[in-house]
Amino acid sequence: MNWTELYQKAVTFSYDDGVLQDLRLVGILNRYGLKGTFNVNSGLGRKNGSFTYGNDSVGRYDFAELVPIYAGHEVAMHTVSHPRLTDLGRSDIIFEIERDRRAIETVFGTRPIGLAYPFGAYDDRVVAILKDLGVTYARTVETEHSFRFQTDLLRYRPTCHHNDPALFDLIRAFLDEPASEPRILSIWGHSYEFDADRNWDRFETICRLLADRDDVFTGSNAEVLSDCGNQFGTASKGMKP
Ligand SMILES: [Zn+2]
C-alpha cells in the first residue's frame, strides 16, 4: 500500500523489549486507532528477562504471550538476547538477528523486516551485516527532530523519544503546517518508562492529539517507511531526498 497516494502525513510509534507495560500501551494505541511497532527479544521472557530501571523492576512477557497483545501491530526484531551488536563478531551478530527473525516468524506467523538496535548501538560494520541479511530498516535512538523522508533506512532516526521536551511543539508543527511533500512523525520509547516517570497521561495526550485526523495516515514503522521511495526491500540503496 502506498499511503502517500492518499496522505501527506503519517504517524508511527516504536516500542522496545516486550515488557509487561506494553499491554497498557497497546490498549491506549488501540483506543485511539493508532499503530505501533514492537521490537522483541525472542530469548528473553518472564524467567530470564527482568531488569531494573531506576527504582523499578521491569518484567517481560514470554514470547508467545505477546501474540494476542500485539494483534494488529507490527512485530519487529530486537535480537535474541539484547546485546550491544557493536561488541559482537560477525557470526554472533548473524545469530542474534537470524534466530530472532525465525522465532518471530514461527510464533507470530509473520516475517519481520525491521529491527531496533539494542541500546541504540550500531556502526558501519553492523549495518553492512544487516544489509547482507536482507534487513529492510533498523531504528536507532537518535533524535531527528524533523519529519523528512530519510535516505538510509538501516540508520533510521525517529523524530524523537516520547519524553522529548520538544515533542508537543513537533506534534503541533506536524499537524498544523501544510505539507508540500510527505512527512513522517515517528515516536519511540519503552512503555516501562511511563510507570517509572508516572506520566501515562503524556502518552494519552500524544495519542489524543494524533487520533482521528483525516489527513494523517496511521501505520506501523514498516508501513510508514515502505513509502520512502521505491527501494523498500533494498533499503540502503536510497530514497527520495
Ligand atoms: Zn531494548
- Selected residue [in contact with a Leu (Cβ under 7 Å, 6 or more places away or on another chain) and more than 17 Å from Asp227 (Cβ to Cβ)] from Ala196, Ala166, Ala211: Ala211
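Among the residues of the range 47-76, what is the count of those that are outside any strand (DSSP E or B), out of contact with any Ser or Thr (no Cβ under 8 Å at 6 or more places or on another chain) and touching a residue at least 60 places away in the same chain (Cβ under 8 Å)?
As a first pass, look at the range 47-76 and keep what is outside any strand (DSSP E or B): 47-50, 54-55, 59, 61-73.
Retained after the next criterion (residues that are out of contact with any Ser or Thr (no Cβ under 8 Å at 6 or more places or on another chain)): 47-49, 54-55, 61-62, 64-72.
Okay, now just the ones that are also touching a residue at least 60 places away in the same chain (Cβ under 8 Å), so 54-55.
Residues flagged as outside any strand (DSSP E or B), out of contact with any Ser or Thr (no Cβ under 8 Å at 6 or more places or on another chain) and touching a residue at least 60 places away in the same chain (Cβ under 8 Å) within the range 47-76 amount to 2.
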- Note on the structure: Exactly one of Arg172, Arg102, Arg148 is charged (D, E, K, R), within 29 Å of Phe63 (Cα to Cα) and either away from the ligand (no atom under 16 Å from the Cβ) or part of a loop (DSSP other than H, G, I, E, B) (or both), and that residue is Arg102
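Please determine, by comparing only the residues of the range 33-46 that are under 21 Å from Met77 (Cβ atoms) and part of a loop (DSSP other than H, G, I, E, B), which one is nearest to the ligand (Cβ to nearest atom). Working first, answer last.
In the first step, residues of the range 33-46 are kept if they are under 21 Å from Met77 (Cβ atoms); the result is 35-46.
Checking the rest, the ones that are also part of a loop (DSSP other than H, G, I, E, B) come to 35, 41-46.
Values: Lys35: 20, Asn41: 7, Ser42: 13, Gly43: 13, Leu44: 10, Gly45: 14, Arg46: 17 Å.
The extreme case among them is Asn41.
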- Of all residues making up the range 1-23, the number that are among the charged types (D, E, K, R) and either more than 23 Å from Ala196 (Cα to Cα) or in contact with a helix residue (DSSP H, G or I) (Cβ under 7 Å, 6 or more places away or on another chain) (or both): 3
- Message: Looking at the range 76-99 only, could you name the residues that are over 12 Å from Leu133 (Cα atoms), within 14 Å of the ligand (Cβ to nearest atom) and of a type outside the set (Lys, Arg)?
- Response: Ala76, Met77, His78, Thr79, Val80, Ser81, His82, Pro83, Leu85
- Please find, within the range 1-32, the residue that is farthest from the ligand (Cβ to nearest atom) out of those that are in a strand (DSSP E or B) and of a type in the set (Phe, Trp, Tyr). Phe13
- Task: Can you tell me which residue within the range 105-133, out of those that are part of a loop (DSSP other than H, G, I, E, B) and free of Cβ contacts under 8 Å to residues at least 12 places away in the same chain, is nearest to the ligand (Cβ to nearest atom)?
- Result: Arg111
- Condition test on Phe168, is it more than 17 Å from the chain's Cα centre (by Cα), aromatic (Phe, Trp, Tyr) and either surrounded by fewer than 20 Cβ atoms within 10 Å (Cβ to Cβ) or farther than 30 Å from Gly54 by Cα (or both)? yes
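Since every read-out is calculated from the coordinates, none of them should be taken as a lab result. What you see is a predicted model; the values in this text were computed from it and never measured. Cβ: placed from backbone, ideal geometry, glycine included. Neighbour counts: every protein chain shown.
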